[in-house]
Amino acid sequence: MSQSESALFQPVQLGELSLPNRVIMAPLTRTRAINHQPNALMAEYYAQRASTGLLITECTMVSEGTSSFGHDPGVYSAEQVEGWKLTTEAVHEAGGRIFMQIWHAGRAAHPLLNDHKEAVAPSAIAIQGETHTPEGKQPYTVPRELTQAEIQQIVKDFRRGAENAKAAGFDGVEIHAANGYLIDQFLRDGSNKRQDEYGGSVENRSRFLKQILDEVTSVFGSGRVGVRLSPLNSFNDMRDSDPVALTKYLASMLNEYDLAYLHLMRADFFDQQHADVVSAARSAYQGHLMVNMGYTPDEANQVLQTEQADSVAFGTLLLANPDFVERIQAGAGFNEPNPETFYTAGAEGYTDYPYMA
């Protein structure tokens, strides 16, 4: 079977969207949003990659003063909504579909990146290690434990983020509940030591995500909302005592919403935790399962053919190859990603990767 006939290039229904292929662009932080403002360069970057079945934007702040990267975009102001319209219009003109990933960094937000605003989290436990700040590498700070009233305000911020994403023309949103950011900090028992109804049992730890889902799906409709999970990933000093049980619980909980998809990261960036969370999710989740993390096109095709998942999200390969879909179909080689430009500014290593000759 030729690449163009492979399972990757079979159309699929994803919630309310019909996708022409099952190649998804994973959310990738690129720090080109100077002062958190989306811009024309970002619009060019996403539109270049519009032949994928679905584009998912980089993590986008729903609350002001919660930056984890310095020049990550936001969606909490009218100006940002206007800036994002450049991206949605460019992507749609190129024939693509795009979801915004909405996000709160929680304890991964450093005060030096946020006008000295204190970081917050479910519990007052700092990330072990250092992060990049305007004053060089600095240790993460101990976050302040959120009050229940503050939790409810952040739930409202996610709703406003969804409303603003809709106003900016996005086809839907992905709720970022992965990689050690705020929702994930609630979900996993290594970072959530609360004694109230947001801590303890897996049901309680999932309450924050559930409340966000209730609000966000009421804005977009559940068929235009996805959720990203990373139950194994130790990035941002994360761990859980039973990631498989957590995966199964969350997958079953998400069944209640009839979402566009569940986006699952299959492994750990740092190779510290190991388990088969994909099979756990597949057995428990009744909707569209999207998988991510280190898949080659050949492996992705095999995963789809054997129905282990319904679509596959690609990260750095797609970052470096604007015509990634066409290269797979042609059996062509790929540009090598340049990590030195992942988090810089400007077009270099962003919009200047070459297309096939």
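Coordinate-derived values only; no laboratory data. Please read these numbers as outputs of a predicted model, since none were measured by experiment. Neighbour counts run over all protein chains shown; Cβ positions are idealised from the backbone, glycine included.
What number of residues within segment 21-67 are under 14 Å from ALA94 (Cβ atoms), buried (at least 20 other Cβ atoms within 10 Å of the Cβ) and hydroxyl-bearing (Ser, Thr, Tyr)?
Number satisfying all stated conditions: 3.
Among the residues of segment 197-245, how many are under 19 Å from PRO27 (Cα atoms), assigned to a loop (DSSP other than H, G, I, E, B) and either of a type outside the set (A, V, I, L, M, F, W, C) or out of contact with any Lys or Arg (no Cβ under 8 Å at 6 or more places or on another chain) (or both)?
6
So, in segment 140-178, how many residues would count as being out of contact with any helix residue (DSSP H, G or I) (no Cβ under 8 Å at 6 or more places or on another chain), charged (D, E, K, R) and not in a helix (DSSP H, G or I)?
Going through segment 140-178 one residue at a time, the tally reaches 3.
Would you pick out the residues in segment 85-112 that are within 24 Å of PRO322 (Cβ to Cβ) and in a helix (DSSP H, G or I)?
Across segment 85-112, the qualifying residues are LYS85, LEU86, THR87, THR88, GLU89, ALA90, VAL91, HIS92, GLU93.
What number of residues in segment 212-233 are of a type in the set (Gly, Ala, Ser) and surrounded by 23 or more Cβ atoms within 10 Å (Cβ to Cβ)?
2
Quick grid of which residues meet (1) of a type in the set (Asp, Glu); (2) touching a Pro at 6+ places or on another chain (Cβ under 9 Å); (3) more than 24 Å from SER63 (Cα to Cα):
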residue: GLY180; (1), (2), (3): no, no, no
residue: LEU213; (1), (2), (3): no, no, no
residue: PHE220; (1), (2), (3): no, no, no
residue: PRO243; (1), (2), (3): no, yes, yes
residue: SER252; (1), (2), (3): no, no, yes
residue: GLU256; (1), (2), (3): yes, no, yes
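From (1) polar (S, T, N, Q); (2) within 30 Å of MET238 (Cβ to Cβ); (3) not in a loop (DSSP other than H, G, I, E, B), pick out the condition that doesn't hold for SER18.
(2)
Restricting to segment 113-139, what's the tally of residues that are more than 25 Å from ASP196 (Cα to Cα) and part of a strand (DSSP E or B)?
8
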